[in-house]
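See structure below.
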Amino acid sequence: MLLGKKIAVVMPAYNAEKTLQQTYDEIPHEYVDEIIVVDDASKDSTPEVARKLGLKVIVHEKNLGYGGNQKTCYKNALVGGADVIVMLHPDYQYSPKLVTALAAMVISGHYDVALGSRILGGDALKGGMPSYKYVSNRFLTFFENIFLGIKLSEYHTGFRAFSRAVLETIPFENNSDDFIFDNQMIVQALHFGFKIGEISCPTKYFEEASSINFSRSVTYGIGVMGTSLQYFFQKKRIANYKIFENNKP
């Protein structure tokens, strides 16, 4: 715990057997109460590695997609009573050592959502981020800042923390099961009035680190712009979208 708050780390995993141990080793275990690995029908031995580490492991019988994986992550963390839920990719691309820093931003009460930005420190390219991903990241972030009316350095990080209140409020189960899920979570948090903060997080790109290919990146980019426009039109009361429907009791 940190300041009396229960912290859960959730890891949406797919073929992460080569990097899960490294990621686990650098998590600040003295503050983390529970680690949940949700395996999305991996073709390798990810579940076995997670079990050997003594983690709570949930295995999807069929692949539900990146977003579908996270839905399982968050629902289980809430059932477990977590006050702060940190989503960390198990591919060792982000620094697990910053789990406590992200959680502390939420526990402070200043922010409801905290993002680990690869851009703030200015070393994304040095960390191996492909040039086309960096350029698209900057363009999409510029686009989103305009239509969402806030100023973040990055919306596309796979390292983020949420308060329990956020996950109990936003209808994340209405979101896509694909990669655009992450972006929908941010616009939902904004729609329901939650505050978002960032910290700088170093990144590492290497062969075992997960990364979507160029064609899926294009699909993701189109989805990001579409989601931003949905938020804009919803806010202006021009249209209504399911991802903003609070159908929770």
*When residues of the stretch 14-65 are filtered for being aromatic (Phe, Trp, Tyr) and touching an Asp or Glu at 6+ places or on another chain (Cβ under 6 Å), how many remain?*
1
_Unmet requirement for LYS126, which otherwise passes all of (1) in a helix (DSSP H, G or I); (2) of a type in the set (D, E, K, R); (3) out of contact with any Ser or Thr (no Cβ under 8 Å at 6 or more places or on another chain)_ = (1)
_Qualifying residue in the stretch 168-184 (condition: assigned to a helix (DSSP H, G or I), aliphatic (A, V, I, L, M) and either at pLDDT 95 or above or surrounded by fewer than 17 Cβ atoms within 10 Å (Cβ to Cβ) (or both))_ = no
*Matching entry among ALA114, ALA101 (being open to solvent by less than 50 Å² (accessible area, probe 1.4 Å) and assigned to a helix (DSSP H, G or I))*: ALA101
*Looking at ASP40, is it at pLDDT 95 or above and open to solvent by less than 60 Å² (accessible area, probe 1.4 Å)?*
yes
*Limited to the stretch 2-25, what total is found for residues that are part of a loop (DSSP other than H, G, I, E, B) and surrounded by fewer than 16 Cβ atoms within 10 Å (Cβ to Cβ)?*
2
_Enumeration of residues in the stretch 130-166 that are within 24 Å of PRO12 (Cα to Cα), open to solvent by less than 10 Å² (accessible area, probe 1.4 Å) and either in contact (Cβ under 8 Å) with a residue 60 or more places away in the chain or over 18 Å from the mean Cα position of the chain (by Cα) (or both)_ = TYR155, THR157, GLY158, PHE159, ARG160, ALA161, PHE162
*Taking only the stretch 50-64 into account, find how many residues are in a helix (DSSP H, G or I) and crowded, with 18+ Cβ neighbours inside 10 Å.*
1
*asked:* Cβ-Cβ under 8 Å, sequence separation 6+ or interchain: first residue in the stretch 79-104 and free of Cβ contacts under 8 Å to residues at least 24 places away in the same chain, partner open to solvent by 10 Å² or more (accessible area, probe 1.4 Å). Which pairs?
replied: none
_Cβ-Cβ distance below 6 Å, separation of 6 or more or different chains: which pairs start in the stretch 231-242 with a residue that is open to solvent by 60 Å² or more (accessible area, probe 1.4 Å) and end on one that is outside any helix (DSSP H, G or I)?_
PHE233/ALA239
*For residues in the stretch 192-203 being surrounded by fewer than 21 Cβ atoms within 10 Å (Cβ to Cβ) and of a type outside the set (D, E, K, R), which is farthest from VAL84 (Cα to Cα)?*
PRO202
*Test set (1) over 16 Å from VAL37 (Cα atoms); (2) crowded, with 23+ Cβ neighbours inside 10 Å; (3) of a type outside the set (Gly, Ala, Ser) - TYR92 fails condition number*: (1)
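Yes or no: the stretch 42-49 includes at least one residue that is within 16 Å of the chain's Cα centre (by Cα) and in a helix (DSSP H, G or I).
no
The values are calculated or read from the model by the stated rules, or taken from the named source; none is laboratory data. What you see is a predicted model, and the numbers here were worked out from it, not measured in a lab. Reconstructed Cβ throughout: ideal geometry from the backbone, glycine too, with neighbour counts over all protein chains shown. Side chains are part of the model used for accessible areas, which takes the heavy atoms of the whole protein and leaves out ligands, DNA and RNA. Shrake-Rupley method; radii C 1.70, N 1.55, O 1.52, S 1.80 Å.
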